[in-house]
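Peer 1: Starting off with a structure, shown below.
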Amino acid sequence: MSHRPALPQHIAIIMDGNRRWASARGLPKAAGHTVGARKVRAIVQACAERGVRHLTLFAFSTENWRRPMEEVGTLMGLLKLYLQKEIGDLRAQGVRLRVIGDTSKFDTRVQALIADAQELTAHNSTITLTLALNYGGRWDILQAFKAWQHAHPQACADAMSEAALAPYLQLADAPEPDLMIRTGGESRMSNFLLWQMAYTELYFTDLLWPEFTPEALDQAIVWFGQRDRRFGGESTLASPLDGQASA
């Protein structure tokens, strides 16, 4: 009896390659970021159609502030545009939007748009789309410890445990990612969900993010279904979830 390929419940994506895609075509970096932002809609829809329940996108890292001011300005403009123009479609398609990261660093307009978008989609349940904005994995762990310490001012460090810290992490109410996809040909984590991806399957592709398609997503899901996930114990086929990857 054959085993059907497992479907990841939670996919995380590092969307890399926008600038290189633009440079290869003689276009300004802003053009690459614009095309990359448009690509998000197709991948969110593809994940929803395939039954993926959680999709987390690394949209803006804590390190991205080091880029030229003009490029950061472009990224902020695209973020505002996305939160304004896409929220209606996300709401209609049953997408719940969440944002993780230190949003206090953004201007008040961006913060207001984030709050409105999360409120408008709070009761949707088809898929949860999480945007990691001004996010870093090391920052996440540090802020979780500070939050735990604030909640337990009389406790000593010996009282800390993985189980005690977990509720204070940014993705505490979501399952840990089963599959991480990084586009752009790089093979590193880049400070993304360091705690949450301890047992995540890591999939690297040379495709630049503007080139990533639903068909490329299917290839990653099929690859995931073939993984033998042991979690430090005996063999177990890719995931406890019962799902079928689309072809």
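The values are calculated or read from the model by the stated rules, or taken from the named source; none is laboratory data. Everything numeric in this text was worked out from a predicted model, so none of it was measured. Cβ atoms come from the backbone with ideal geometry, glycine included; neighbour counts cover every protein chain shown.
Peer 1: Looking at Gly26, is it exposed (fewer than 15 other Cβ atoms within 10 Å of the Cβ), part of a helix (DSSP H, G or I) and free of Cβ contacts under 8 Å to residues at least 40 places away in the same chain?
Peer 2: no
Peer 1: While we're looking at this one, here's another question. Can you tell me which residues in region 116-128 are under 19 Å from the mean Cα position of the chain (by Cα) and within 15 Å of Tyr82 (Cβ to Cβ)?
Peer 2: Across region 116-128, the qualifying residues are Ala117, Gln118, Thr121.
Peer 1: A follow-up question, please. Here are Asp16, Asp102: which of them is in contact with a strand residue (DSSP E or B) (Cβ under 8 Å, 6 or more places away or on another chain), surrounded by fewer than 19 Cβ atoms within 10 Å (Cβ to Cβ) and among the acidic types (Asp, Glu)?
Peer 2: Asp102
Peer 1: Can you tell me how many residues in region 190-216 are touching a residue at least 60 places away in the same chain (Cβ under 8 Å), closer than 24 Å to Arg19 by Cα and surrounded by fewer than 22 Cβ atoms within 10 Å (Cβ to Cβ)?
Peer 2: The total comes to 6.
Peer 1: For Arg50, all conditions in the list (1) at pLDDT 95 or above; (2) surrounded by fewer than 19 Cβ atoms within 10 Å (Cβ to Cβ); (3) within 19 Å of the chain's Cα centre (by Cα); (4) basic (Lys, Arg) hold save one; what is the number of the exception?
Peer 2: Condition (2) is where Arg50 drops out.
Peer 1: Looking at region 167-183, is at least one residue closer than 26 Å to Ala46 by Cβ and among the β-branched types (Val, Ile, Thr)?
Peer 2: Checked against the condition, which is being closer than 26 Å to Ala46 by Cβ and among the β-branched types (Val, Ile, Thr), region 167-183 yields at least one hit.
Peer 1: Here's something else I'd like to know. Check whether at least one residue in region 105-123 is surrounded by 19 or more Cβ atoms within 10 Å (Cβ to Cβ), among the polar types (S, T, N, Q) and in a helix (DSSP H, G or I), and report yes or no.
Peer 2: The answer is no, given that none of the residues of region 105-123 is surrounded by 19 or more Cβ atoms within 10 Å (Cβ to Cβ), among the polar types (S, T, N, Q) and in a helix (DSSP H, G or I).
Peer 1: May I ask you to list the residues in region 71-81 that are over 16 Å from the mean Cα position of the chain (by Cα) and either farther than 28 Å from Arg20 by Cβ or of a type outside the set (Gly, Ala, Ser) (or both)?
Peer 2: If the condition is that a residue be over 16 Å from the mean Cα position of the chain (by Cα) and either farther than 28 Å from Arg20 by Cβ or of a type outside the set (Gly, Ala, Ser) (or both), then Glu71, Val72, Thr74, Leu75, Met76, Leu78, Lys80, Leu81 are the ones that fit.
Peer 1: May I ask you to list pairs of residues, at least six apart or on different chains, whose Cβ atoms are under 9 Å apart, with the first in region 132-154 being at positive phi and in a strand (DSSP E or B) and the second being crowded, with 18+ Cβ neighbours inside 10 Å and of a type in the set (Phe, Trp, Tyr)?
Peer 2: Asn134/Phe60; Asn134/Phe106
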